[in-house]
Every structure is written in structure tokens, then in C-alpha cells.
């Protein structure tokens, strides 16, 4: 099973690189940038597993599922950037559901580990579920704002934005499918990443708090930037 999963990860990573080459040949800067970013993100667990023991003498194992999920989400997104987002109406819904479910699964595992020190799993289950859905939604809002900022910067600098914003209706639908991804994780009680985050509970709590502040403060700042930019344009 591990060998099959590793092979699937390699194939997906190769697919992302192929899509990067296609985007470069088309001179599609946005698609090329997104494919390159997806490839780097898909490699991140392996890089961390190799670097941490050498730099900090810490051993960590992410298992086969996280690299596979990252590679699958990156491949679907990179493929969408080459035209499927425009030509296939449900492709955006698929990519948002897959990506949001990954975020929710990581959040769910992190919250289970973080709150297990202060309350029993049964006592905190409702809180964990609610926070997972809300936090996933907040991260979705954060991402949509990044798309808006990328659009505004592209217009101001007269360059092609690396992310594409398709309008407010599309944003609302995207956020809806972000919630769908989170609800699927909660409904399935998907604890597949609990063994991963259990390896470093202190770091997990710090990442939860830090990412929460980044999402909240970053969203406010980007909303102000977009709002001011809109006022200037009008």
C-alpha cells in the first residue's frame, strides 16, 4: 500500500511538472506560477522530513496520505488553471472541496490534539467540529481576498495576476464548497492526521494560534486594501 501511494505521489508530481511545462510553452504566467507553487507544496512534507533531522535533530513522519493529498489537490488546481476552470463548470467546485477538506482534516487533527490536554475527547467534540468548520471558512475567505489583492495588484502594475477572481457570485459558491469539504471531514470523523500532529503537540498549538492571527489580521488588511482600491477606481 505504501509503495502504491508513493508511486501515485510521484505520478501526480510528474503531472504537475508536465502542466508547468505546458503553461510555460503557452506563455501562461498565472498557470505556470500556480503549477510551480503546487509542485513545491507537494514536495514540502518530504523536504521537512529530510531537513528537520539534519538541522534540529528532530524526526518527523508525515506518512503517505498528506503528500498524496497535497499532490492531488495541486494537480487538480494546476489543470484547472490551464482552462478547465472556464470550460468545466464543476471543476472549481471539485478543487475547492478537495483543498478545503485537506485544510479541515489538518485542523480537525490539530484541534483534537490541542484540546485533549484540557478536556476529554467527548467533552470537546462539539467545539472541535464547530471550530473546524468556522476556521476552514475563515481560511477560505482569506484565500478569496488573496485573489482580489492579486487582481488589484495586477491592474495597478499592468501585469497578469497569478490568481484569477471570477466575481462575487463565484466567491460565494467557492466558500460554500469550502464548508462542504469541512463538513465531509467532520461527518466522517476523519482523524487520519492525528498521528502526524501528535508528534509535536506544542508546535501544533503554536501553529493554530499563529495561523489564526494571520488569517484574521491578514483578512482585515486585505479587505481594507481591496476596499480602498475599489474606492480609488470608482
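Estimated at 0.36 nm per residue, the fully extended path between residue 166 and residue 184 surpasses their Cα-Cα distance by 3.9 nm.
Starting with the highest mean, order 93-104, 206-217, 125-136 by the number of other Cβ atoms within 10 Å, averaged over the residues of each peptide. If you can, show how the numbers build up before the last one.
On the way: 93-104: 21.4, 206-217: 13.2, 125-136: 17.6.
Per-residue mean Cβ counts within 10 Å order the peptides as 93-104, 125-136, 206-217.
In the chain, the longest principal axis of the Cα atoms and the axis of helix 121-157 are about 20 degrees apart. Measuring spread by the Cα atoms of the range 1-88 yields a radius of gyration and Dmax of 14.5, 48 Å.
Need one word for the chain: rounded, prolate or oblate. Basis is the Cα gyration tensor (sqrt eigenvalues a ≥ b ≥ c); a/c below 1.5 gives rounded, then a/b vs b/c decides. Mind showing how you got there, number by number?
Values: a/c = 1.74, a/b = 1.26, b/c = 1.38.
Because a/c hits 1.5 or more and a/b fails to exceed b/c, the chain counts as oblate.
The share of C-alpha pairs in the range 40-118 whose separation exceeds 19 Å stands at 52 percent. Between 0 and 90 degrees, the angle of helix 2-25 with respect to the longest Cα principal axis of the chain falls at about 20 degrees.
Cα convex hull of the range 114-183: mean projected area in nm², to one decimal? If you can, show how the numbers build up before the last one.
Values: hull surface 23.7 nm².
Projected area, direction-averaged: 5.9 nm².
Scoring 37-43, 61-67 by mean Cβ neighbours within 10 Å over their residues and listing the highest first yields 37-43, 61-67. Remark on the range 79-202: Rg and Dmax equal 17.0, 54 Å (Cα only). For the range 146-211, a/c is not less than 1.5, where a ≥ b ≥ c are the root eigenvalues of the C-alpha gyration tensor, and a/b does not top b/c. That puts it in the oblate class.
The long axis of helix 29-55 is offset from the longest Cα principal axis of the chain by roughly 20 degrees.
Quick note: the coordinates plus some simple rules give every number you see, no bench work behind them. Keep in mind it's a predicted model, so treat the numbers as computed, not measured. Here Cβ is always computed from backbone atoms with ideal geometry, including for glycine, and neighbour counts include all displayed protein chains.
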